[in-house]
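All of the numbers you see were taken from the coordinates with simple rules; none came from a lab. Here the structure is a predicted model, which means the values were calculated and not measured. Methodologically, a virtual Cβ is constructed for each residue, glycine included, from the backbone with ideal geometry; neighbour enumeration extends over all protein chains shown.
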């Protein structure tokens, strides 16, 4: 590794440790420092030193010169308890001596239950005391004090007092005490002991030759202080010139930023909207609540049409009916339904119900907006679109939403005919779906004739139905006062939107899951 | 639009040898022909040859069967319509159905014929039942306007009477039952009686068909007799009747049944239907009957609509290829639909059939060339500016459903029984969850908040979207209004933070405003206000009441504001 690059990448803690070792090298021939000495010399916390040592070892800038292992004695929890309540050896001895003075005779069981000792504690302690001759077992299994002292009991008391709340090196203890400790220290398989012996390891570190070079270079670079953050103060007084700026490890993951963001589905709809405007379409808007006249009658859907039944459209509870329908549209549409009126059509041939026409419903198709536009004296030639929220009486599931956007519109003009209709659809295929191939299939809509379905080969979805269109029937246009041909078109873009957003359930277009909304990115 | 099942082998047989030579018809081949019938292949079982096809045109019931699809394609392949001579039958028929007086108030019309020498095979019976169901269900609006009955012809002694009787007067054994029942019992007990009984309810007498010996054929339009009205595989001759409320629809339905049966080799024998009073087509109607009339259409009109110059012969050929009778003079084409169709309302219907017959690919697309200027509505422009600003201030945009429930919009917001509790509701809700139109954006944002307590805080949400405001003064009883709603939720969210955002927003919109304290149940008292501009309220701002948050199970302090976009766009 390039030494300069290596040095530049060093963390301030690493530099401090290297510098401390370098200084020691200059003072003493061994040049080694123990970790706690490094702490002291470099004015760092033990944890900081341990981190820096780890990094430097990994970079082979320092190495461990040698280590020492020192056994350290301390009290366990049991030891703490023995200090307070005395150890079994002490308690048995004291119980037996007390009994001897009052002339009582105690069996081992008596002692055990009186002192509430475990069987394992009893047997060990009795064994020790017997061996030392401090007690004896007489006939009847009774225990008697001999009057002899118990060195173990005394050593234990001394140790418990000396070690309470502190640690001692094992080697610093007198030989008999050390033996008691070793006998009563926690070992594998026996954790119920008052003492524990831990090995304390001290490590001495020295610079490797590379570390020495690095430290030399650091010294050469001079005492310029390394900083991590450029501050206004550094800029103001110009002191940044004497600082070194630590280089970052830029491959780390950054912390999270919360941003303001458009909704991914709305981004998709915005794109559609702007494409349509760029193609010369003017936006039209309508109302969420419509009457049946504009939602259906004006579109030449007969009042007995199956799609108008109670199970297909949402009816408004209150008020149930609009006050009136504007003339002359009502009379003209009524006539067209009855007998074709002046359109040259036979009409549907049924008794048109004007009451029904006023029934209020939730808009079920965007074409209702087009019908209103036709009746409002639209521009000729004219191109209009709307992205209208519509409502259908469907059980909500992965492919049906209770309300959804319909993208649709109209094109009016004297040059409109079946072939210009196909031309417009071709344009949509290219602009909306980036399709290189498209085909037209005969279709049926109550309000257009001829009617066409536009199928396109989508780059990701293969052949899909992109939309439906047709020329409005004269039964639609003439009663609304339009006497030029009119294209009606609608695009089904939700499947494309779902692919662009990477979702599979139509309900997720209107998701309430903020994490999903925040993390979804549209691939348009 | 119906979806029907057909069998590929059966289809190939109906298509005839000329079409396919000796090679079997494949599903791919059929699919390529389907544009002729506005059909879409939905499903197929390669092993059994079963195909499911959706037929789009609700005005072409003649296509809702294997026979109908095969016929339309066969005409195109043959270049000529099949001959159905029984429509011109000589007046030698003696079979008669007498219509009793009084039926004009119950179910006025009937048409009938006999299909003789008709071998009822398994597949033929399946198709027969399917077309009967689709026609009665969809075209006949669940038997209301049209229903169809099929009977074993040899069991019937003519003349047959279409009669009206009292429900207790007559007994017969209905299909699916073992013993005789009175008509009243059938209406009360039989599944079909329960399903279709309402069609003839409210009349003292009900319609039946019986023969000269008093044998009941059926309780129309509800259920056939078990003895006469159960067609089985192996039957050789059928009696077919159609009843209904619309004469032309009844006649058309019988015509479709008749040509379907004829296509399978039956010889159709017409029946005279004799009415007590004259109908639009006279007192006696011999059915099947070709009631269509020729129409003359200017060739120029067809050319203009298609945007393509076509010779008179090309138009004539296209129409013949599609089953029409057609003849041309210099400027006009005289057309007549085949008797199994009655969907010619306007000349544009013929235009489409010319295009379909020639194939849509025959017409080269042309771009509309006239210049128009694209533009967005004012409200959309203002909405877009608002959205840009809100995103810049750091808010995440939301889109929500407009349908919601009263508990969400009113109860949870503590608005029940207050001046704010009127909303647009639907009468025929499918579920309470989607039964109202939202009147505010805040409930939509709370719905997101309630579902997102594990999402990294702070939450700053907004939506610009439509709501419906209940408004008795409006013609539709409500107004559709574009609103901006914004919600801030985090551990220390408060009024001041929302106010700062609002202040910035209205500054950039050049909209001077003041806040006026407002006691509103959704907000903490003393921490809510109207946003007034030029003395007019344009919105609300406030810290949501803890009880509102509890109702929504939101555990973060939340503060919101709402603005009516339309009112922001207004300049004074």
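One table, with the values for the structure above:
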quantity	calculated
Exposure proxy ranking, count of Cβ atoms within 10 Å, fewest first, for B:447, A:22, A:77, B:180	A:77, B:180, A:22, B:447
Sites residue A:270 and residue A:379 - FRET efficiency at Förster radius 22 Å, r taken between beta-carbons, to 0.05	0.35
Segment residue B:105-residue B:201, extension gain: residue separation times 0.36 nm, minus the distance between their alpha carbons	33.4 nm
Backbone N within the range A:1-45 under 14 Å of label point (7 Å from residue A:245 Cα along the Cβ vector)	none
C-alpha center-to-center spacing [the range B:384-457, the range A:341-362] in angstrom	37
Peptide-level mean, for A:257-268, of C-beta atoms on other protein chains within 10 Å	5
Rounded tilt (10° steps) of A:12-27 against the dominant C-alpha axis of chain A	30
Rg/Rh ratio calculated on Cα atoms of the protein assembly as shown (Kirkwood radius)	1.22
Residue A:77 paired with residue A:162, simple spin-label distance in nm, labels 7 Å along Cα-to-beta-carbon	2.7
Difference of contour (0.36 nm per residue) and Cα-Cα distance, residue A:192 to residue A:499	103.9 nm
For residues of B:400-408, the mean tally of beta carbons on other chains within 10 Å	4
Efficiency of FRET from Cβ geometry, residue A:353 and residue B:378, R₀ 35 Å, rounded to 0.05	0.45
Label-point gap, in nm, between residue A:430 and residue A:463 - each point 7 angstrom along Cα→Cβ	2.3
Amide N of the range B:139-173 lying under 19 Å from the label point, which is placed 7 angstrom from the Cα of residue B:215 along Cα→Cβ	B:149-163, B:170-173
Exercise: per-residue mean of other protein chain Cβ atoms within 10 Å, B:340-353	5
Cα centroid separation - the range A:44-123 against the range A:380-426, whole Å	85
Computed helical MRE - 222 nm, chain B, DSSP H runs ≥ 4 contributing -39500 (n - 2.57), nearest 500	-8000 deg cm²/dmol
Cα-projected label distance for residue A:252 with residue A:201, points at 7 Å along beta-carbon direction, nm	2.7
Per-residue Cβ neighbour rank within 10 angstrom, fewest leading, B:466, B:352	B:466, B:352
DSSP bridge pairs, chain B: antiparallel proportion in percent, nearest 5	90
Sites residue B:525 and residue A:320, calculated FRET efficiency, Cβ-Cβ separation with R0 35 Å, nearest 0.05	0.40
Residues listed by number, the range B:230-263, amide nitrogen under 16 Å from residue B:155 label point at 7 Å toward C-beta	B:230-241
Distance from the range B:131-199 to the range B:53-69 (C-alpha centre basis), Å	25
In degrees, nearest ten, helix B:66-78 long axis to first principal axis of chain B (Cα)	80
Helical mean residue ellipticity (222 nm; -39500 (n - 2.57) per DSSP H run of 4+; nearest 500) of chain A	-11500 deg cm²/dmol
Packing-based exposure ordering (other Cβ within 10 Å, fewest first) of B:131, B:170	B:170, B:131
